Number of protein chains: 2
Amino acid sequence: MYIPTFDDVKAAHERIRSHVHRTPVLTSTFFNTMTGADLYFKCENFQKAGAFKVRGASNAVFGLCADKAKYGVASHSSGNHALSLSYAAGRRGIDVTVVMPRTAPDAKKDAVRGYGGMVLECEPSTAAREAMLKDVVDETGADFVHPYNDHRVIAGQGTCSLELNEEVGPLDAVVAPIGGGGMISGTCLTMSNISPHTKIYAAEPENADDVYRSLREGRIVEDDAPQTIADGLKVSMRPRTWHFVSNHVADVLLVSEDEIARAMYLVWQRMKIVIEPSSAVAMAAVIRNRDIFNGKRVGVIFTGGNVDLTKLPWMQGLGLEKSAGE
Amino acid sequence: MYIPTFDDVKAAHERIRSHVHRTPVLTSTFFNTMTGADLYFKCENFQKAGAFKVRGASNAVFGLCADKAKYGVASHSSGNHALSLSYAAGRRGIDVTVVMPRTAPDAKKDAVRGYGGMVLECEPSTAAREAMLKDVVDETGADFVHPYNDHRVIAGQGTCSLELNEEVGPLDAVVAPIGGGGMISGTCLTMSNISPHTKIYAAEPENADDVYRSLREGRIVEDDAPQTIADGLKVSMRPRTWHFVSNHVADVLLVSEDEIARAMYLVWQRMKIVIEPSSAVAMAAVIRNRDIFNGKRVGVIFTGGNVDLTKLPWMQGLGLEKSAGE
């Protein structure tokens, strides 16, 4: 099992530079006052294809030699990796097939097709998506770009905190949401090399708390088909991401569905930007844990902005009660 | 009737500099491809108090001599001017009373109170709000800062296109929404001085087309209580804004309620930013009039981002049909 190094992150940064945005870092007087922290929001919701995943996907696609590239790429994804891989493959002009759970937002499926990707729908479980993907790879010879358990992908995601650190200087902590652990692994890889005192916190929905339980039990615990509005965070870790999580993550911070919805609502209302529920998980974790972050310089990674605008959490009554009077 | 000059705009820019944001100018590959134009979006949705109106309000509040300021300020407003005047008065530490239509979004009324403003509710008509305001001024001696028919306010709004021009250089056209005409008047004032060849287009809802009809008839035509989702654009011009509109505006571009909702949806979905319906009126006008803007460098003013997130136009079925397949 090859574990990527910081040299891989630097190489990824060069490789993907012309294909992805250097996203802005925003600040918010409102949230600084609310939490007592100096918060720096790395806005991957403004990233190409609407999420950070385009970093890892582009690193994998543009790193392929021509002989491999001609068979195309394939993957399974709850949404943003599918979009990102399709975007990157489209820019390189190679085929791409993605296996998506049938319950994924239509907006994401349509966007994959819009980038020229082929969508195959499967049942919404990790087992189902992996089985169907294996069939695709066997049939086409496509290169499988796993959404997170892939050294090229982890190195690509590591470019995000590299930029954040360049932009705002030393941070006491970085908070990012965790699903399979690609972004957190890349963040651990980069920060442990360039800013080893910075603590990395993984933010996770209570309803999909496999990483929280994994750290307590000292082994990968898997959920199959958990229910959370943070649809990007339903997957479980794999060995490469567990390596980084188990060695570098300071703690896992859990948040409820109501807290996720409320944090998302507040970010939209106060910062005037569209973030998806997974991104709001990181914001919710900072709001819930004022005691940890008060007085600290904290990077918060807003991982993406791909939302079905007709199905917002507060339309389902989530998160609104506690936000009255804000 | 004092008509402000470009010197007033420059003085306003100095006066308000430390109280307002120099907002970013964004671009969008998606909308450039869609319209064939090079679009530069001046993002006043990221402005203090969530809208451009804080420019004019701050210019008026901070320009008051101490003897006047001690009686406070007052105004009537459909929302954003109320917020902005409250913000500015709060920063100067003086009293502020605003008359708001009872139908204005709760989010705006709450935010006014949050800035320390006193809200008085009236019936949703221009006549009703003006009558109640007169009572307030008679009683308190407050300085009446009209939301647009005020030379200090128009000069303040003119600082927006001053920044836009500094940022992106010569533009062929600027498109901004029009309600009472404060932003358009400030834009005309500034651009006619620093870039006289730039054409100024006012974008207006078909359902509140008083400016369109005014230009055709050569006199101010008033609507009372028009119905449009662009709640900031329901008011009518007054002599100072009519002066600029009648002398400088190239044309008024009308858009339907569905077009406003669809443009708003697309901006949220593609640019990942929250803009209010009034801002979307400008975007809708550019989309509808590709023939005018194709091949041109066009500034588009996103005037604000104060939206009740629980009452979005597409929840009422507006604008969604035509956006299928985007």
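Side notes on the structure shown:
- Given (1) of a type outside the set (Val, Ile, Thr); (2) in contact with a Pro (Cβ under 9 Å, 6 or more places away or on another chain); (3) touching a residue at least 60 places away in the same chain (Cβ under 8 Å), number of the condition B:Pro147 does not satisfy: (2)
- Residue, surrounded by the most Cβ atoms within 10 Å (Cβ to Cβ), within region B:118-154, restricted to residues that are in contact with a Lys or Arg (Cβ under 9 Å, 6 or more places away or on another chain), among the aliphatic types (A, V, I, L, M) and in a helix (DSSP H, G or I): B:Val153
- So A:Pro170, is it at pLDDT 95 or above, under 15 Å from A:Arg297 (Cβ atoms) and not in a strand (DSSP E or B): yes
- Checking A:Asn306 against (1) open to solvent by less than 10 Å² (accessible area, probe 1.4 Å); (2) within 14 Å of another protein chain (Cβ to nearest Cβ); (3) among the polar types (S, T, N, Q), the condition it does not meet: (1)
- Where A:Ser18 falls short, out of the listed (1) closer than 29 Å to A:Ala107 by Cα; (2) of a type outside the set (Phe, Trp, Tyr); (3) under 18 Å from the mean Cα position of the chain (by Cα): (3)
- When region B:11-48 is limited to residues that are in contact with a helix residue (DSSP H, G or I) (Cβ under 8 Å, 6 or more places away or on another chain) and among the charged types (D, E, K, R), the one that is most open to solvent (accessible area, probe 1.4 Å) turns out to be B:Arg22.
- If you go through region A:254-275 and keep only what is open to solvent by 10 Å² or more (accessible area, probe 1.4 Å) and either under 16 Å from A:Thr303 (Cβ atoms) or at the interface with chain B (Cβ under 10 Å from one of its Cβ atoms) (or both), you end up with A:Tyr265, A:Gln269, A:Arg270, A:Met271, A:Lys272.
- Exactly one residue out of A:Ala74, A:Ala88, A:Ala66, A:Ala60 is surrounded by 24 or more Cβ atoms within 10 Å (Cβ to Cβ), more than 19 Å from A:Ser278 (Cβ to Cβ) and over 17 Å from the mean Cα position of the chain (by Cα), and it is A:Ala74.
- Of the residues A:Val54, A:Val98, the single one that is over 30 Å from B:Asn45 (Cα atoms) and under 20 Å from the mean Cα position of the chain (by Cα) is A:Val98.
- The requirement of being of a type in the set (Phe, Trp, Tyr), within 14 Å of chain A (Cβ to nearest Cβ) and surrounded by fewer than 24 Cβ atoms within 10 Å (Cβ to Cβ) is fulfilled nowhere in region B:286-303; no residue meets it.
The values are calculated or read from the model by the stated rules, or taken from the named source; none is laboratory data. This structure is a prediction, so every number in the text was calculated from the model and none was measured. Because the Cβ atoms are built from the backbone with ideal geometry, glycine has one as well, and the counts that use them run over all protein chains shown. The accessibility values were calculated without ligands, DNA or RNA, using every heavy atom of the protein model including side chains. Shrake-Rupley method; radii C 1.70, N 1.55, O 1.52, S 1.80 Å.
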